[in-house]
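Trainee: Starting off with a structure, shown below.
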Amino acid sequence: MLTTWQAPGGSVEQAIRCGSATGPCLLVLPAWFDEANKTRHFTVETMRMLAQRGIGSVLPDLPGCNESMAALEAQTLSSWREAASAAAAHFGCSHVLAIRAGANLAPALPGFAYAPLAGKSALRALLRARTIAAKEAGRPETTESLLETGKAEGLELAGYRLGAAMVADLSQAALPDSPLAKLEPGGPGLWLRAEPEHNAEQAAALANLIAESVAR
């Protein structure tokens, strides 16, 4: 079900909600940027499988992402963390499922992390991808020069325009201390594929791990 919620700052954002409005409810914080595109189908299918196991979930758009009318360039790591906490409160979430770099935003809820990735590692991958593309285009760049430019002026990486504050935040962002249980459903991560794909067996394995833990 598609619904909406109001983020801090006043923007009205969309969210996908699956399952019952009563009982356990997971706030789903997806992978970021290009990894989000590669894992979107997997993420939503995991939510549907959780609903079949009696566990609700909600996947909110963060300001600046997907259909958001807010500018991505205006976002910071702090603004996304505040938005994640606000979404959890709005939807009455009892747990969190953080996928990849989404683990950098997890509010103070019990829950799960699937292949958590530090913000600085996510930024490093984006910078590396840009330098590779620049080299192939005959205009070599270095990650060091890009990072300095990004901290001062913002930067476009993989088609995403990040503001200077977000670049600076991500450059230092280690995974926060968290009680989230790390989940390993098996098989290679879909974010490693060249194109978006889906793995139904992996989604079912992840849903089973979560359902078994929540039921304890």
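Trainee: Can you tally the net charge around TYR160? Count Lys and Arg as +1, Asp and Glu as -1, for every other residue whose Cβ sits under 13 Å from the Cβ of TYR160.
Mentor: Around TYR160, the charge tally is -2.
Trainee: Please give me the summed charge of the neighbours of PRO63: other residues whose Cβ is under 13 Å from its Cβ, Lys and Arg +1, Asp and Glu -1.
Mentor: Net charge in that neighbourhood comes out at -4.
Trainee: Please work out the Cα convex hull volume for segment 119-174 and give it in Å³ per residue.
Mentor: Residue-normalised Cα hull volume stands at 63 Å³.
Trainee: Could I ask something else about it? Let me know the Kirkwood hydrodynamic radius for the chain, please, with Cα pairs as the basis and the value in Å to one decimal. Can you show the working numbers first?
Mentor: Working: mean 1/r = 0.0565 Å⁻¹.
About 17.7 Å, per the Kirkwood formula over Cα pairs.
Trainee: Also: Mind putting a number on the dipole of segment 119-174 about its Cα centre? Charges go on the C-beta only, +1 for Lys and Arg and -1 for Asp and Glu, and I need it in Debye to the nearest 20.
Mentor: Details: 8 positive and 7 negative charges, 32 e Å.
Here the size comes out at about 160 debye.
Trainee: Nearest 5 percent is fine: what portion of the DSSP beta bridges confined to segment 87-207 is antiparallel?
Mentor: 30 percent
Trainee: On alpha carbon coordinates alone, what is the Rg over Rh value for segment 116-216, Rh being the Kirkwood radius?
Mentor: 1.09
Trainee: Hey, another quick one. When only Cα pairs under 8 Å and 6 or more residues apart are kept, what is the percent relative contact order across the chain?
Mentor: It comes to 23 percent, rounded to a whole number.
Trainee: Helix by helix, which DSSP H runs in the chain go 20 Å or more along their axis at the Cα atoms and have an average Kyte-Doolittle hydropathy of -0.5 or more? Don't skip to the answer; put the middle values down first.
Mentor: Working: long enough: 33-52 (28 Å, -0.73); 77-91 (21 Å, 0.19); 119-136 (26 Å, -0.10); 200-214 (21 Å, 0.82).
The qualifying helices are 77-91, 119-136, 200-214.
Trainee: Long-range amide H contacts for GLY189: which residues qualify at under 5 Å (H placed 1.01 Å from N, peptide plane, sequence gap of 5 or more or a different chain)?
Mentor: none
Trainee: With both bridge residues required to lie in the chain, what share of the DSSP beta bridges run antiparallel, to the nearest 5%?
Mentor: Around 45 percent of the beta bridges assigned by DSSP in the chain are antiparallel ones.
Trainee: What number, rounded to the nearest 500 deg cm²/dmol, is the helix-based mean residue ellipticity at 222 nm of the chain, given -39500 (n - 2.57) per DSSP H run of at least four residues and division by all its residues?
Mentor: -13000 deg cm²/dmol
Trainee: Connecting C-alpha atoms closer than 10 Å in a GNM of the chain, tell me which of ALA133, ALA21, ALA158 has the biggest fluctuation.
Mentor: The residue that fluctuates most here is ALA133.
Trainee: Would you work out which of ALA87, PRO185, ALA122 lies farthest towards the positive end of the dipole of the chain, given +1 charges on the beta-carbon of Lys and Arg and -1 on that of Asp and Glu, about the Cα centre?
Mentor: PRO185
Trainee: Moving on. Can you give the translational diffusion coefficient of segment 51-139 in µm²/s, computed by Stokes-Einstein from the Kirkwood radius over Cα pairs at 4 °C and 1.567 mPa s? Present the calculation step by step, with values, prior to reporting the outcome.
Mentor: Values: Rh = 15.0 Å.
Reported coefficient: 86 µm²/s.
Trainee: To the nearest 20 Debye, how big is the dipole of the chain about its Cα centre, given +1 on the beta carbon of each Lys and Arg and -1 on that of each Asp and Glu? If you can, show how the numbers build up before the last one.
Mentor: Working: 18 positive and 21 negative charges, 65 e Å.
I would put it at about 320 debye.
Trainee: For segment 160-216, rounded, prolate or oblate, judged on the Cα gyration tensor with a ≥ b ≥ c (square roots of eigenvalues), a/c < 1.5 rounded, else prolate if a/b > b/c?
Mentor: oblate
We did not get these values from a lab; they are worked out from the coordinates using the rules stated. This is a predicted model, so every value here is computed, not measured. In this analysis, Cβ positions are derived from the backbone assuming ideal geometry, glycine residues included, and neighbour counts consider all displayed protein chains.
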